[in-house]
Every structure is written in structure tokens, then in C-alpha cells.
Amino acid sequence: LAKTTQPISMDSYEGQEVNITCSHNNIATNDYITWYQQFPSQGPRFIIQGYKTKVTNEVASLFIPADRKSSTLSLPRVSLSDTAVYYCLIFGAGGFKTIFGAGTRLFVKA
Amino acid sequence: SAVISQKPSRDICQRGTSLTIQCQVDSQVTMMFWYRQQPGQSLTLIATANQGSEATYESGFVIDKFPISRPNLTFSTLTVSNMSPEDSSIYLCSAGTGNEQYFGPGTRLTVT
């Protein structure tokens with residue numbers, strides 16, 4: 001499974017757009033990129049998944065360049081309730097087990 | 001999507017005893033997993049719970065310490081055996097099909 005590298009923490013203010021970038025240099029051809037969000041005292045929650053280019057849902061957008069060695073989670077106009085840990089994971093086509101990296105702690109300030 | 005419930009939500013146990021954590025999914029799922037998470041840390045995968053066969057353990061985790069059962073496609077248990085204070089942690093169950101996993105709320109275990 002490909003190893004991921006993310007910033008340990010990020011700060012933002014309410015109403016700003018937040019971009020969290022994840023590096024995954026040894027991603028395999030059939031691997032997917034998935035992001036999870038975890039609030040304190042809760043289990044992680046699936047946010048978005050993509051394979052290439054751009055994916056958008058009601059929560060976030062995911063940008064993946066052509067070489068797929070990195071990905072960027074974009075959260076539009078964050079609020080205080082977006083304060084959480086965000087995990088980037090690589091899901092291998094050959095198996096379903098998920099290995100979590102350190103994650104990025106996002107602090108949204110008023 | 002799937003809804004995962006875990007029991008108990010928390011427990012305080014004496015060292016040397018064992019605790020069994022239950023995980024129930026509201027729909028049939030292909031994969032179920034067990035994780036451990038220390039406060040402020042990321043999640044560590046303990047094992048994959050395989051339906052009808054022995055669980056697949058990650059490096060550093062053994063069946064004698066963390067026996068797992070999965071009798072059907074919606075239920076699994078994790079037992080933390082012969083507990084020590086180092087086993088104090090949050091234990092999470094997850095389930096899913098394909099690339100999307102759903103997590104339970106976790107079981108907060110304190111060993112004294």
C-alpha cells in the first residue's frame with residue numbers, strides 16, 4: 001500500500017477555502033485516493049474519493065494531477081464545525097484494508 | 001451507506017481480565033476491520049475480520065491477545081485478552097464494501 005504524507009496541522013478562519021495536500025509518490029495504477037474526516041470522540045467519516053482529475057460532492061472537492069503522486073482536498077468556506085482531523089488514504093484495488101497516516105489537524109478560528 | 005454500532009461504548013477493566021467488544025452493522029458488508037486509536041493519535045489497523053474464517057492480523061497483533069470472531073456478514077467481536085494498562089485505548093470497528101468504509105463510534109477502554 002502506498003504511503004501518504006500530509007501536513008501535521010493547518011489553521012484557517014471561518015469563510016476561507018482550505019486546501020490540504022497529500023503526497024503519495026508510490027501510488028499504484030489501480031489505487032484510489034480517499035479522504036476521511038474525524039471529529040473528537042467519533043469514528044472517521046468518509047468525505048470523498050477519486051482516481052484522477054477532479055471530483056466534487058456536497059462536502060468537498062478533490063483535485064488529482066495527471067501523475068497522481070499527490071492530491072488536494074479542498075473545503076470551500078469552512079466553518080468552526082469543520083475543525084477536525086483529515087486523513088488521506090490510498091485504497092489498493094487488490095485489497096480493501098485501510099492504512100491510516102498521521103492525518104492533518106485543521107483548526108478553524110472565528 | 002451503513003450504520004455501525006459498538007458495545008460497550010466505554011469500560012474500565014482490571015489488569016489481567018478480558019473484554020469483548022461487539023460490532024453490529026445494519027446491512028450485509030463484505031469487509032469488517034478492527035482498529036485501535038490512542039488519544040490524539042491516528043488509527044492503527046489491528047486485523048481484518050473474515051467471515052467464516054480466521055482473522056488476518058497486522059504486524060504486531062496476534063490472535064492470542066486479540067481474538068476476533070465474525071460469524072456472519074453483519075456482526076463481529078474483538079476480545080482484548082489478559083489486559084494491561086498499555087491496552088488502554090479506543091477500539092473502533094469499521095465495515096464496508098469496495099473502497100468506502102463506515103466506522104463505529106468506538107469503545108473507550110481504560111485498564112487499571
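The table below gives the values:
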{"read-out": "Computed accessible area, B:Arg15, all protein chains, 1.4 angstrom probe, square angstrom", "value": "150 Å²"}
{"read-out": "Accessible carbon and sulfur surface of the protein assembly as shown relative to its total accessible area, %, 1.4 Å", "value": "50 percent"}
{"read-out": "Rounded to whole Å, sorted largest first: equivalent-ellipsoid semi-axes of segment B:2-112, Cα gyration tensor", "value": "22, 14, 13"}
{"read-out": "Alpha carbon convex hull of chain A, projected area averaged over orientations, nm²", "value": "6.4 nm²"}
{"read-out": "Nearest-20 debye value, segment B:1-64 charge dipole, Cβ charges on Lys, Arg, Asp, Glu", "value": "240 debye"}
{"read-out": "Measure of compaction for the protein assembly as shown (Cα Rg per 2.2 N^0.38 Å)", "value": "1.04"}
{"read-out": "Lysine pair count for chain A [Cα-Cα under 16 Å; pairs on different chains or 8 or more apart]", "value": "4"}
{"read-out": "Modelled label reach - B:Thr97, point 7 Å along Cα→Cβ, segment B:30-65 residues with backbone N closer than 11 Å", "value": "B:30-31"}
{"read-out": "Chain B, dipole about Cα centre (Lys/Arg Cβ +1, Asp/Glu Cβ -1), debye to the nearest 20", "value": "220 debye"}
{"read-out": "Check: chain A dipole with +1 on Lys, Arg Cβ and -1 on Asp, Glu Cβ, in debye", "value": "260 debye"}
{"read-out": "Summed buried accessible area for A+B [probe radius 1.4 Å, Å², rounded to 100]", "value": "1600 Å²"}
{"read-out": "Cα shape, segment B:5-47, gyration tensor, a/c 1.5 rule", "value": "oblate"}
{"read-out": "Cα-projected label distance for A:Asn30 with B:Ser81, points at 7 Å along beta-carbon direction, nm", "value": "3.5 nm"}
{"read-out": "Residue-normalised accessible area of segment A:9-109, expressed per residue, 1.4 Å probe, Å²", "value": "48 Å²"}
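The values are calculated or read from the model by the stated rules, or taken from the named source; none is laboratory data. Everything quoted here is computed from the prediction, not taken from an experiment. With ideal geometry, Cβ positions are generated from the backbone for all residues, glycine too; neighbour counts draw on all protein chains shown. When the accessible area is computed, the model is the full protein with side chains, heavy atoms only, and any ligands, DNA or RNA have been set aside. Shrake-Rupley method; radii C 1.70, N 1.55, O 1.52, S 1.80 Å.
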